[in-house]
Amino acid sequence: MAPMTMTIEPVSAFSSLDVLVAMDEGLFAAEGLDLRMASREARDIRSTTEGTLMSPVTNQGRLQERGEATMFQG
Amino acid sequence: MIVCAALVVPPTSDVYVPQELAHKPVGLDYGNGTAYAGLQMLEGAVPREAITTRAAVTHPGERLAALMRGEFAATVLQEPWITVAEKAGCRLVSITFFHGTWVAGPDLDPQLYAAFLRGVARAVRRINADKRRYVSYFKRGWAEGDPQVQALTADDFNLGRIVLREPTPIPEDEARWAWDWMASWGVLRGDFDVATQINRKVEREAHELAAATPGAHGL
């Protein structure tokens, strides 16, 4: 059976150590999941200093909005 | 995974408890979980009108550098920069933990999500069995170009700040409280509606599939 494929937005160890370890140790592959991590391009990156407390600027979710990732960490 | 966030002041600060941050600028990366964690730590200590924040960058290493330059009185950090800050003589005046929650569109395939959950759950069990073995992950990614992080040894990390649990469905009460709290700050508008925020059908199917898989509880 062909593996299922899913792309997620980039993550860091402080919030997704489990995902990084699962990728490196083949734990997703063992479940038939080819998990990929998208990269952000320069156009996807805006500084949080451009936003305000009530109207923040965040980079999370942009790739998912464009259909380039299925999930992101909020 | 559970994210650890610490409210940090520089070594020379006269702030020892979060109450002493009343009317003092705190650098927050607005829109990210650490910023909301910072607000909650402050709100537990001082009246809301005494909370003073400044926009700060997302990169925790750069926020720490700005703190050390005196651009604000405190900021909120996550690992490995909490450890870096402590080694530099900074003090933690409050610490909290929050869920890193995954967000997906409504068309997420439950089979796909179940496979993701199973992989994550196995990783959580492996990491919890030997956390020290995995702390090198905190030196990757954003931290690769940071010499202070690269100078850390595995023994420098406080394992009590590296907290993982196997994924569970999102508790509705907690989601509602978070929504209402963010709305009280003007970040969200309208009332919480669980049906539009959490796809319970996909969530339930995926968790049931993940739990029903043979070997679902092994390493």
Item to check | Spin-label model distance (nm) - B:Arg48 vs B:Arg69, 7 Å beyond Cα toward Cβ | outcome: 3.2 nm
Item to check | Selection from B:Ile51, B:Val124, B:Leu112, by position along the positive dipole direction of chain B (Cβ) | outcome: B:Val124
Next on the checklist: How are the alpha carbon pair distances in the protein assembly as shown distributed across 10 Å bins from zero to the largest one, expressed in percent?
Outcome noted: 6, 26, 35, 24, 8, 1, 0
Checklist outcome for this item: Per the helix-only model, chain B has a calculated mean residue ellipticity at 222 nm (DSSP H runs of ≥4, -39500 (n - 2.57) each, divided over all residues, rounded to the nearest 500) of -11000 deg cm²/dmol
Item to check | Residues of segment B:137-172 with amide N under 20 Å of the 7 Å Cα→Cβ point at B:Arg200 | outcome: B:168-172
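Based on the alpha-carbon gyration tensor of segment B:7-69 and its eigenvalue square roots a ≥ b ≥ c, which shape applies: rounded if a/c is under 1.5, prolate if not and a/b is larger than b/c, or oblate? Write down the numbers at each step before the final one.
Working: a/c = 1.98, a/b = 1.16, b/c = 1.71.
In terms of gyration-tensor shape, oblate.
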Checklist entry - In degrees from 0 to 90, rounded to the nearest 10, what is the angle of the helix B:33-43 Cα long axis to the longest principal axis of chain B? => result 60 degrees
Checklist outcome for this item: Relative contact order of segment B:95-173 (C-alpha contacts under 8 Å, at least 6 apart) in percent is 35 percent
Checklist entry - In percent, what relative contact order does chain B have, based on Cα pairs under 8 Å that are 6 or more apart in sequence? => result 26 percent
Checklist entry - How big is the gap, in Å, between the Cα center of segment A:11-71 and the Cα center of segment B:1-19? => result 27 Å
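Chain B: longest stretch without exposed chymotrypsin sites (Phe, Trp or Tyr not before Pro) (DSSP loop, at most 16 other Cβ within 10 Å), sites themselves excluded? Walk me through the intermediate numbers first.
Values: sites that count: B:Tyr16, B:Trp185, B:Phe192.
Answer from the scan: B:17-184.
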Checklist outcome for this item: In degrees, nearest 10, the alpha-carbon axis of helix A:13-24 is tilted away from the dominant principal axis of the alpha carbons of chain A by 30 degrees
Next on the checklist: On C-alpha positions alone, give me the angle between the axis of helix B:110-129 and the longest principal axis of chain B, in degrees, nearest 10.
Outcome noted: 50 degrees
Checklist outcome for this item: So for R0 = 25 Å, FRET eff. of B:Asp155-B:Trp177 from the Cβ-Cβ r, to 0.05, ends up at 0.10
Checklist entry - Considering every residue in A:41-48, what mean count of other chain Cβ atoms within 10 Å of its Cβ is obtained? => result 3
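For chain A, run through the trypsin sites (Lys or Arg not before Pro) and keep only the ones in DSSP coil with at most 10 other Cβ atoms within 10 Å of their Cβ. Each step should come with its number before you reach the end.
Details: sites: A:Arg36, A:Arg40, A:Arg43, A:Arg46, A:Arg62, A:Arg66; in loops: A:Arg40, A:Arg46, A:Arg66.
The qualifying sites are A:Arg66.
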Checklist entry - Where the eigenvalues come from the Cα gyration tensor of chain A, what are the semi-axes √(5λ) of the equivalent ellipsoid, largest first, in whole Å? => result 28, 14, 9
Checklist entry - Per-residue mean of other chain beta-carbon atoms within 10 angstrom of the beta-carbon, peptide B:106-115? => result 4
Checklist entry - segment B:168-209 to segment B:27-52: how many Å between their Cα centroids? => result 21 Å
Checklist entry - Can you give the Rg to Rh ratio of segment B:58-208, both from alpha-carbon atoms, with Rh computed by the Kirkwood formula? => result 1.02
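Here, each number is a calculation from the coordinates, and none is a lab measurement. Keep in mind that what you see is a predicted model, and the values were worked out from it rather than measured. Because the Cβ atoms are built from the backbone with ideal geometry, glycine has one as well, and the counts that use them run over all protein chains shown.
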